[in-house]
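Accompanying notes for the structure given below.
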């Protein structure tokens, strides 16, 4: 497990579809040297999972969401004894209220789709690039547009589907143009269809095999480490 995390820690960090999404942690650690003392901006952190992860690694984290975070987020951080590493703020990722080259890392998971369209997402990527230090890393894991069956099932079962903009492979590639180095992979196919976390865990084990053989365009999680 990344950084010797326990099963409970991974669940609190990743929260949903853990078997697949936890691969982002392995990938980030493989492509960027995350060191104690680094300044981290965590975006869209409603439950504070990624903030917990980076605080446990000794980073100084700003845990943000576009609206006030619930009390349970800070309580969870206190329970893990990392609250002294974390501060809290309301931040719109399209207009980040920090100076140029402030952060060593900017990170999010399953967030940017909420902006609703490609134009607003591109504003957010520009802002992320702006506040990163030279040599800093934009680390992310995001829902991809994936296969036709994913798109059909989302329309049928996902209540916020009409407001969420799933990013295409071409659009992920366009993000790369703002960075000097970029590493990425796509994973996952069937785990997202699980109705419970137990089902998703089982299907995620199957995905670990399927992801090696199915077309990249069918996979629903895009993981990136883009270096400024």
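So, of the residues in segment 5-32 that are touching a helix residue (DSSP H, G or I) at 6+ places or on another chain (Cβ under 9 Å) and over 21 Å from residue 198 (Cα atoms), which turns out to be surrounded by the most Cβ atoms within 10 Å (Cβ to Cβ)?
The residue in question is 28.
If I filter segment 106-126 for residues that are assigned to a strand (DSSP E or B), farther than 22 Å from residue 17 by Cβ and in contact (Cβ under 8 Å) with a residue 24 or more places away in the chain, do I get at least one hit? Talk me through it step by step, then tell me what you get.
Pass one, segment 106-126, residues assigned to a strand (DSSP E or B): 106-109.
In the following step, the residues that additionally are farther than 22 Å from residue 17 by Cβ were identified as 106.
Now drop any that are not in contact (Cβ under 8 Å) with a residue 24 or more places away in the chain, which leaves 106.
There is at least one residue in segment 106-126 that is assigned to a strand (DSSP E or B), farther than 22 Å from residue 17 by Cβ and in contact (Cβ under 8 Å) with a residue 24 or more places away in the chain.
Those residues that are surrounded by 15 or more Cβ atoms within 10 Å (Cβ to Cβ), more than 17 Å from the chain's Cα centre (by Cα) and modelled with pLDDT of 90 or more, I need them from segment 131-173; list them, please.
Hits for segment 131-173 are 131, 133.
Search segment 33-46 for residues being within 26 Å of residue 189 (Cα to Cα) and at pLDDT 95 or above, and hand back the single one that is surrounded by the most Cβ atoms within 10 Å (Cβ to Cβ).
45
Going through 99, 89, 114 one at a time, which residue ends up being under 19 Å from the mean Cα position of the chain (by Cα), within 23 Å of residue 37 (Cβ to Cβ) and surrounded by fewer than 18 Cβ atoms within 10 Å (Cβ to Cβ)?
After ruling out the rest, the residue left standing is 89.
Those residues that are assigned to a loop (DSSP other than H, G, I, E, B) and over 18 Å from residue 26 (Cβ atoms), I need them from segment 194-228; list them, please.
Start the filter on segment 194-228 by keeping residues that are assigned to a loop (DSSP other than H, G, I, E, B), which leaves 194-196, 211-215, 219-220, 228.
Across segment 194-228, the qualifying residues are 194, 195, 196, 213, 214, 215, 228.
The values are calculated or read from the model by the stated rules, or taken from the named source; none is laboratory data. All values reported here derive from a predicted model rather than from experimental measurement. Positions of Cβ are backbone-derived with ideal geometry, glycine not excepted, and every protein chain shown enters the neighbour counts.
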